[in-house]
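Only one structure is covered here, and it is reproduced in the block below.
The values are calculated or read from the model by the stated rules, or taken from the named source; none is laboratory data. None of these values were measured; they are calculated from a predicted model. As a convention, Cβ positions derive from the backbone with ideal geometry for all residues, glycine included, and neighbour counts pool all protein chains shown. Calculation scope for accessible area: heavy atoms of the full protein, side chains included, ligands and nucleic acids excluded. Shrake-Rupley method; radii C 1.70, N 1.55, O 1.52, S 1.80 Å.
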Amino acid sequence: MLASGAENTIIREIMEKVVVTGGAGFIGSHLAEELASQDYHVIILDDLSTGRQENIDRLLSHNNVEFIRGSITDLMFLRQVFQDVSYVFHLAALSRVQRSIADPLTTNDINVKGTLNVMLAAKENGVKRVIYSSSSAIYGESSVLPQSETLPPNPVSPYALTKLVGEFYCSIFNQIYNLSTISLRYFNVFGSGQDPLSPYANVIPLFIDRITQELPPIIFGDGEQSRDFVYVDDVVRANILAINKGVDGVYNIGSGISTTINELAKAILTNVQKELKPIYEKPRSGDPRHTLADISKASQLGYKPGYNLEEGLKASIPIYLSETNRNRN
Ligand code: NAD
């Protein structure tokens with residue numbers, strides 16, 4: 001039997017409340033789903049600027065999930081939403097390097113001012129911990145691989161700089177106001193729910209989309225640039241571990257495996273059993289040549305990746321395909 005409105009309210013009141021900012025986005029919607037399944041009262045806060053209602057539609061039938069539409073740039077709004085909240089997972093951001101190059105001002109407003117607002121509202125409401133989504137982009141061009149948290153940051157795009165400022169705000173709020181904060185530096189996250197039709201789409205959904213339409217993948221540069229691709233379920237698990245494990249600070253969240261873009265194209269072609277030759281175009285600015293996570297520190301959180309690239313592709317390609325077909329129709 002379905003719970004009535006009054007029963008739903010009582011159920012929510014006895015559960016621990018958490019907020020997922022950016023919860024209608026790619027990673028946020030996966031995280032919100034897992035938190036809901038672990039019996040948290042989940043508040044998805046999103047302005048739907050790049051997130052999608054369809055990412056969360058299936059979650060809203062759970063009696064412990066609420067969606068509140070609004071912006072992290074509105075401090076008064078955050079102060080209200082964060083009342084009685086135990087944990088804030090802060091994912092809302094303009095999250096694309098190329099978009100930040102095209103529009104650094106908006107990127108700064110959302111990623112820097114928005115993050116400061118989140119920290120202030122969390123401090124004022126006595127939130128137990130803020131779990132901040134940072135990025136490996138902050139390493140920029142580094143000659144040292146794998147990249148460990150002790151490497152000096154070297155951001156090479158407005159996006160990377162804003163993510164680094166967010167980490168510094170986490171650290172400063174921790175030191176000055178005693179707000180517990182943890183920054184998770186994700187490497188290249190992939191999985192279902194990434195939109196290949198967005199103008200700033202990520203490489204994996206773009207390749208899958210083109211290849212399954214019999215179009216060759218487009219590679220910027222010689223394809224020998226490499227990335228650490230981490231499956232979204234691993235990133236979700238890292239966030240949940242970060243609720244009560246590990247000391248405040250910064251942790252890399254990756255797979256610890258290096259894959260060149262040429263190897264990635266080949267892995268997708270093999271998975272969908274197609275033979276197409278990639279097209280090579282000139283390299284893009286703002287993209288570092290190599291990234292690779294040293295994930296030894298994250299073991300303090302109990303983090304260990306559960307998927308390699310092939311396993312993640314196998315799990316997600318069928319879902320990508322059904323989502324893309326639905327969005328096209
Ligand atoms: P996404 O664009 O799918 O999700 C971001 C969400 O934030 C969207 O739902 C968007 O609508 C929301 N949002 C944007 N501005 C907002 C605002 N002003 N107020 C409220 N909501 C707002 O991106 P994603 O890939 O899911 O990334 C989530 C987080 O992880 C980001 O902070 C990003 O920087 C970080 N990250 C992602 C990756 C990756 O590979 N996807 C890698 C490193 C770090």
For the chain, set up a Gaussian network in which alpha carbons nearer than 10 Å are linked by springs, and say which option among Ile43, Ile257, Ile14 fluctuates the most. Ile14
At R0 = 30 Å, how high is the FRET efficiency between Ser296 and Tyr177 if r is their beta carbon distance? Nearest 0.05 is fine. 0.50
What is the Cα centroid distance between the range 81-122 and the range 12-65, reported in whole angstrom? 17 Å
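Dividing the Cα convex hull volume of the range 28-78 by residue count, how many Å³ per residue is that?
Details: hull volume 3.8 nm³, N = 51.
With only Cα atoms used, the range 28-78 gives 74 Å³ per residue.
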Quick calc of log₁₀ I(q)/I(0), the range 79-162, Debye, one scatterer on every Cα, no solvent, q values 0.22, 0.25 1/Å, result -1.00, -1.11
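Can you tell me the order of 124-130, 142-148, 158-164 when each peptide is scored by its average per-residue count of other Cβ atoms within 10 angstrom, highest first?
Details: 124-130: 18.9, 142-148: 15.9, 158-164: 24.6.
Sorting 124-130, 142-148, 158-164 by mean packing, highest first, produces 158-164, 124-130, 142-148.
Which order do His41, His290 take by accessible area at a 1.4 Å probe, largest first? Write out the running numbers ahead of the final one.
Details: His41 5, His290 60 Å².
From most exposed to least exposed: His290, His41.
What is the mean projected area of the alpha carbon convex hull for the range 142-284, to one decimal in square nanometres? Intermediate results must be reported in sequence, preceding the final value.
Values: hull surface 39.9 nm².
That works out to 10.0 nm², a quarter of the Cα hull's surface.
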Between Lys304 and Thr270, take the C-beta separation as r, use R0 = 25 Å, and let me know the FRET efficiency to the nearest 0.05. 0.45
Beyond 24 Å (Cα-Cα) in this structure, taken from Lys113/Lys282; Lys163/Lys245; Lys163/Lys282, we find Lys113/Lys282; Lys163/Lys282
Ignoring everything but the protein chains, give the 1.4 Å probe accessible area of Met15 in square angstrom, nearest 10. 40 Å²
For the range 262-329, the Cα convex hull volume per residue in Å³ comes to 175 Å³
Can you give me the C-alpha center-to-center distance between the range 250-329 and the range 166-214, rounded to a whole angstrom? 13 Å
Restricting things to alpha carbons, tell me how big the range 214-314 is in terms of Rg and Dmax, in Å. 16.0, 48
Using Cα pairs under 8 angstrom and six or more residues apart, how large is the relative contact order of the chain, in percent? 16 percent
Largest first, please: the extent of the C-alpha atoms of the chain along each principal axis, to the nearest Å. 58, 50, 37
As straight-line cross-link partners of Lys277, the qualifying aspartates and glutamates (C-alpha separation under 18 Å, not fewer than 8 residues apart within one chain) are Asp209, Glu214, Asp222, Glu224, Glu263
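Report, in listed order, any pair from Lys274/Lys314; Lys266/Lys314; Lys266/Lys304; Lys17/Lys304 with a Cα-Cα distance greater than 23 Å. Don't skip to the end; give the middle numbers.
Details: Lys274/Lys314 15 Å; Lys266/Lys314 14 Å; Lys266/Lys304 26 Å; Lys17/Lys304 27 Å.
Those over the limit are Lys266/Lys304; Lys17/Lys304.
Just reorder Thr115, Thr212 by solvent-accessible area, largest first, 1.4 Å probe, all chains present.
Highest to lowest solvent-accessible surface, that is Thr212, Thr115.
Quick one: of the DSSP bridges fully inside the chain, what percent are antiparallel, nearest 5?
Numbers: 2 of 39 bridges.
Bridges in the chain are about 5 percent antiparallel.
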Using modelled backbone amide H atoms (1.01 Å from N, in-plane), which distant-in-sequence or interchain residues come within less than 5 Å of Arg129's amide H? Val88
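What's the long-distance tail for the range 204-265, i.e. % of Cα pairs beyond 18 Å? Intermediate results must be reported in sequence, preceding the final value.
Details: 993 of 1891 pairs.
For the range 204-265, the fraction of Cα-Cα distances above 18 Å is 53 percent.
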Largest first, how would Thr324, Thr270 line up by accessible area (1.4 Å probe)? Thr270, Thr324
